[in-house]
1. Please compute the length gained on full extension between Ala296 and Met1, using 0.36 nm multiplied by the number of residues separating them and subtracting their Cα-Cα distance.
2. Mind checking the per residue accessible area of the chain for me, 1.4 Å probe, whole number of Å²?
3. Out of residues 5 or more away from His145 or on other chains, whose amide H comes under 5 Å of its own, with H placed 1.01 Å from N in the peptide plane?
4. Viscosity 1.306 mPa s, temperature 10 °C: Stokes-Einstein D of the range 223-348 from its Kirkwood Cα radius, in µm² per second?
5. By how many nm would the segment from Asp200 to Glu338 grow when fully extended, if each residue of separation counts as 0.36 nm and the alpha-carbon distance is taken off?
6. Give me log10 I(q)/I(0) at q = 0.23 Å⁻¹ for the range 35-135, Debye formula, one equal scatterer per alpha-carbon, no solvent.
7. If N is the number of residues in the chain, what value comes out of its Cα radius of gyration divided by 2.2 N^0.38 Å?
8. Among 69-82, 158-171, what's the highest-first ranking by average C-beta atoms within 10 angstrom per residue?
Amino acid sequence: MKTLRVELGPRSYPIHIGPGLLGRADLVVPHLAGRQVLVVTNEVVAPLYLERVLAAFEGLETATVVLPDGEAHKNLESLTQVFDALLEHRHARDTTVVALGGGVVGDLAGFAAATYQRGVAFVQLPTTLLAQVDSSVGGKTGVNHPRGKNMIGAFHQPSCVLADTDTLATLDDRQLRAGVAEVIKYGLIRDLDFFLWLEDHLEGVLRRDADALATAIERSCRNKAQVVASDERETGVRALLNLGHTFGHAIETGVGYGEWLHGEAVAAGMCLAADLSARRGWLAPTDRERVRALVARAGLPTHPPASLGVDRFLDLMAVDKKVRGGRLRLVLLRDIGEAVLTDEFDPGLLRATLEAG
Ligand code: NAD
Ligand code: GLY
């Protein structure tokens, strides 16, 4: 097992990464606020892992919510189900909400924890690659609105993250690849050596070679923990974690939640960001091709869906949390391993990138 820490003063917490962690009461129970626990999971994950998790909470007052599966259910209706369960079982302010699942469950359960009785404790048990390398760390929680991804949410840090790498064995290949998109992201935004490592070891990660996966998860979490520790509430550098996301969120919303996986949309979004960066004169055209080549080798889309016309795409991109004073800001690449948040791009170039697809 590897342990990293997100250093946030009194809100610091460990990220444990390794096999066989889900049943480890010794790792999770010390992070509970009291004797009440609400485990939030979904209909796919519950039959696989719920029993193991409940065993770790034996002797405590435990309730469970099993949500319908999928991005389309990351909404206020599912959130109400969680609040209903908390109230039905009379959970008090010292309850702990435990998220067991991928990023959808984690974001939603985290938002429930952030808002129930103005905030209760929260533990993340991520079971997808994407959640283990990204969404379970950093305290961004929330749900989607039909008009925009993640538009309703709060910052609320977990008290502990247990990334049990054994759970990845049941993940299907498409979901694994979606997680790889966020792994590639860290290399692109701030870790050239990691990008080079991925160019050499991508097939090992896709084959689920244990060492390759462990390195990919640990290195991703290390990058994320460092960024979050230096800018918890995204007043600056944390925005770089959104490389490809303004394009990606527009794709997810535009085609309908769940049609394109989040990681797939981010993958195409990163390629669009690389293209605009090259048109802007920052990224060398050969490096734009390197980005596309790695994304393609991961079996991820390098281009957005043709069905999304340019005007609709631009409209959707305008609903973004990085918009300031009506101006769109994007994360672009000055180089591989060096991202910047900027509004310094000619709108004509953005249109050209979208038109080129
Ligand atoms: P997901 O939660 O929908 O999980 C993907 C699929 O895998 C689902 O069908 C799920 O039921 C299934 N699943 C989960 N674990 C499994 C396992 N071990 N074996 C078999 N099947 C399993 O999607 P995701 O990719 O994990 O997360 C995407 C979400 O995360 C998006 O909503 C995105 O906005 C959010 N996100 C949040 C942050 C953040 O910082 N909070 C960062 C990145 C992404
Ligand atoms: N995934 C973006 C962030 O955590 O800030």
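The values are calculated or read from the model by the stated rules, or taken from the named source; none is laboratory data. Computed from a prediction, not measured in an experiment: that's the story for all the values here. With ideal geometry, Cβ positions are generated from the backbone for all residues, glycine too; neighbour counts draw on all protein chains shown. Quick note on the areas: whole protein, heavy atoms, side chains included, nothing else; ligands and nucleic acids left out. Shrake-Rupley method; radii C 1.70, N 1.55, O 1.52, S 1.80 Å.
1. Values: separation 295, 0.36 × 295 = 106.20 nm, distance 3.13 nm.
That pair, Ala296 and Met1, stretches by 103.1 nm at full extension.
2. Values: 14140 Å² over 357 residues.
Counting only protein heavy atoms, the per-residue value for the chain is 40 Å².
3. The list, which skips near neighbours in sequence, is Asn150, Met151, Ile152.
4. Working: Rh = 14.9 Å.
Calculated translational D: 107 µm²/s.
5. On the way: separation 138, 0.36 × 138 = 49.68 nm, distance 1.98 nm.
Additional length available on full extension: 47.7 nm.
6. -1.27
7. For the chain, the normalised Cα radius of gyration comes out at 0.95.
8. Working: 69-82: 17.2, 158-171: 21.4.
Taking the mean over residues of other Cβ atoms within 10 Å, the ranking is 158-171, 69-82.
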